[in-house]
């Protein structure tokens, strides 16, 4: 069982609000990721981190930002949410070196709806 | 650049039938890793298997089996005697050493498997 947690699981907010999706892992993994999953199921990498103070943009451009102040914590922030941000956001972590040769451990996801 | 294609968007079978989920990948590297993940309705992706490009042996784990063929760039997944609990979205994924893309796995679009009782 993976020890990676996301909160909130579900969030419905109005346009223009600032939101932060939390992701924490207790496995001591250096590498962490955020994937955005659209209603058609496809997963897109939007952010990743190699460790503390490391953040990189993924393959899909995103208006969200991330921070990595502590190894176990990798929050994602939207300064001004819009309906186009409605999606499921999945956080993952890995202990493997670059590139990924090992398993990614995923959280249960945060389903965001922006009205 | 790497790419993973899962041509089957949705498959529906009756319980106890065998079902095969197709995965075709593209990569310029000779060393790469392939994965299958399961996403049940609860949302989290669950790791099922990893193969590296140098190991073409097929693998069987209970009712699950995987057929890796480099000649056709395919890594297909078969569930034998399917059960309702197998209903989920299944993702094939690739990780390689180059391509200039971001770190992480490249996922296919997923196949939604529905097992009817």
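Please treat every number below as a calculation from the coordinates, not as lab data. Please read these numbers as outputs of a predicted model, since none were measured by experiment. Please note: Cβ atoms are built from the backbone with ideal geometry, for glycine as well, and neighbour counts cover all protein chains shown.
On a per residue basis, the convex hull of the C-alpha atoms belonging to chain A measures out at 95 Å³.
Quickly rank B:73-80, A:64-71 as a protection proxy: mean count of other C-beta atoms within 10 Å, highest first.
Numbers: B:73-80: 18.5, A:64-71: 15.6.
Answer by packing, highest mean first, reads B:73-80, A:64-71.
Taken over the protein assembly as shown, the convex hull of the Cα atoms encloses 119 Å³ per residue.
Footprinting exposure proxy ranking of A:32, A:27, A:41, fewest other C-beta atoms within 10 angstrom first, gives A:27, A:41, A:32. Computed over chain B, relative contact order equals 39 percent, with contacts defined as Cα pairs under 8 Å that lie 6+ residues apart.
What is the packing order of peptides B:81-92, A:74-85, taking the mean over residues of other C-beta atoms within 10 Å and listing the highest first? Present the calculation step by step, with values, prior to reporting the outcome.
Details: B:81-92: 18.2, A:74-85: 16.3.
Packing order, densest peptide first, comes out as B:81-92, A:74-85.
To the nearest µm²/s, what D does Stokes-Einstein give for chain B at 20 °C and 1.002 mPa s, using the Kirkwood radius over alpha carbon pairs as Rh? Write down the numbers at each step before the final one.
Numbers: Rh = 14.5 Å.
Value of D from the Cα-based Kirkwood radius: 148 µm²/s.
Relative contact order of the range A:1-45, taken over Cα pairs closer than 8 Å and 6 or more residues apart, is 34 percent.
Averaging Cα coordinates gives a centre for the range A:3-81 and one for the range B:29-85; these two points are 27 Å apart.
All Cα-Cα distances of the range B:1-43, cut into 5 Å bins from zero to the largest, leave 5, 13, 22, 23, 17, 11, 7, 3 percent in each bin in turn. Note on chain A: GNM, Cα springs under 10 Å; of A:51, A:14, A:40, the largest mean-square fluctuation is that of A:40. Normalised by the number of residues in chain A, the mean separation of alpha-carbon contacts (under 8 Å, six or more apart) gives a relative contact order of 36 percent.
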